[in-house]
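The values are calculated or read from the model by the stated rules, or taken from the named source; none is laboratory data. No experiment lies behind these values; they were computed from the predicted model shown. Positions of Cβ are backbone-derived with ideal geometry, glycine not excepted, and every protein chain shown enters the neighbour counts.
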Amino acid sequence: MDISTKLVSILKELEPTGTTLVAVSKTRTPDEILEAYNASQRIFGENKVQEMLSKYEVLPKDICWHQIGHLQTNKVKFIAPFVSIIHSVDSFKLLNEINRGAIKNNRIIDCLLQIHIAKEETKFGFSFEEAIGVLASPEYKSLKNIKLVGLMGMATLTEDISIIKKEFHSLKQFYDSLRKEFDFSILSMGMSSDYRIAIDEGSNMVRIGSSIFGERHYI
Ligand SMILES: *Cc1c(COP(=O)(O)O)cnc(C)c1O
């Protein structure tokens, strides 16, 4: 199947659930992205700053670019002028740097706190307690050019569906406990291997790469 066929079939599947699709285009060429774009997709996710920047420069300007991978503070300035949402805020230092970048560009940047729900130590993100600490801090409240609009999480890479379910469930409960007070609207969880479980557990934004573009090739 070609990219547009796979994209359209996933969009059809997501539609009744009201879930937003981030098409994860890391390692894909601008031509591959254009194929998805021409099939109506406007939200694309990248995990490397240089890659996002070079694609931003050559692709249509109505694309919303989502930063989904770990972001180093010294790279924020490159995407601050145009990035739509940063899913991967995993430290207060990074949030502060995004705020500085947003001020320089005279804009407000939407962000998600990445929460560590998986068993793997290698994954990034705050614990629930750390996230509450950030949200309650006066330092956070003083950052006027970022807006935290929700949470992002990645489940453990495992065949055991019950583990994935439990992790997504715990993140949804945490999200619900904060949603009203902090005016959250986005819960970003689920990728190619587990997005159906994530949606069942209450995700409203999924990040899907290989199920749209095929197995990843590295550039
Ligand atoms: C690569 C990536 C995805 C998409 O992964 P697929 O398995 O290709 O769907 C989703 N989220 C993040 C943070 C990623 O880095």
**Request:** Search the range 198-219 for residues being within 17 Å of the chain's Cα centre (by Cα) and assigned to a helix (DSSP H, G or I), and hand back the single one that is farthest from Ser40 (Cα to Cα).
**Result:** Ala198
**Request:** Tell me, please, whether a residue that is more than 23 Å from Gly133 (Cβ to Cβ) and among the polar types (S, T, N, Q) can be found in the range 180-196.
**Result:** yes
**Request:** Kindly indicate whether Leu34 is aliphatic (A, V, I, L, M), farther than 29 Å from Tyr140 by Cβ, out of contact with any Lys or Arg (no Cβ under 6 Å at 6 or more places or on another chain) and assigned to a helix (DSSP H, G or I).
**Result:** yes
**Fill in**
When the range 25-52 is checked residue by residue, the ones that are within 11 Å of the ligand (Cβ to nearest atom), free of Cβ contacts under 8 Å to residues at least 60 places away in the same chain and over 11 Å from Ile63 (Cβ atoms) are Asn47, Lys48
**Request:** Kindly provide the set of residues from the range 85-123 that are over 21 Å from Ser142 (Cα atoms) and either crowded, with 17+ Cβ neighbours inside 10 Å or modelled with pLDDT of 95 or more (or both), ordered by number.
**Result:** Ile115, His116, Ile117, Ala118, Lys123
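Taking the condition in a helix (DSSP H, G or I) and touching a strand residue (DSSP E or B) at 6+ places or on another chain (Cβ under 9 Å), does Leu178 pass? Before you say what the answer is, go through the steps one by one.
On the way: in a helix (DSSP H, G or I): yes; touching a strand residue (DSSP E or B) at 6+ places or on another chain (Cβ under 9 Å): yes.
Judged against the criteria, Leu178 is a match.
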**Asked** Quick one: what pairs do we get from the range 6-21, first residue at negative phi and part of a loop (DSSP other than H, G, I, E, B), second polar (S, T, N, Q) and surrounded by 14 or more Cβ atoms within 10 Å (Cβ to Cβ), C-beta under 7 Å, 6+ apart or different chains?
**Response** Thr19/Ser203; Thr19/Asn204
**Complete:** The number of residues in the range 66-86 that are closer than 12 Å to Phe44 by Cα and polar (S, T, N, Q) is 2
**Prompt:** Quick check: is even one residue across the range 160-179 surrounded by 20 or more Cβ atoms within 10 Å (Cβ to Cβ), without any contact (Cβ under 8 Å) to a residue 60 or more places away in the chain and hydroxyl-bearing (Ser, Thr, Tyr)?
**Reply:** yes
**Request:** Tell me, please, whether a residue that is more than 21 Å from Glu181 (Cβ to Cβ) and aromatic (Phe, Trp, Tyr) can be found in the range 51-70.
**Result:** yes
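Step by step: first the residues of the range 183-204, then only those that are in contact with a Leu (Cβ under 7 Å, 6 or more places away or on another chain) and within 13 Å of the ligand (Cβ to nearest atom), then the one that is nearest to Val149 (Cα to Cα). Which residue is that? Can you show your working first?
Step one: of the range 183-204, the residues in contact with a Leu (Cβ under 7 Å, 6 or more places away or on another chain) are 184, 186-189, 202-204.
Narrowing the set further to residues that are within 13 Å of the ligand (Cβ to nearest atom) leaves 188-189, 203.
Numbers: Ser188: 10, Met189: 14, Ser203: 14 Å.
This residue is Ser188.
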**Complete:** Only one of (1) in contact with a Phe, Trp or Tyr (Cβ under 7 Å, 6 or more places away or on another chain); (2) of a type in the set (A, V, I, L, M, F, W, C); (3) part of a loop (DSSP other than H, G, I, E, B) does not apply to Leu148, and that is (3)
**Asked** Of the residues that sit in the range 151-175 and are under 23 Å from His70 (Cα atoms) and part of a loop (DSSP other than H, G, I, E, B), which one is nearest to the chain's Cα centre (by Cα)?
**Response** Met154
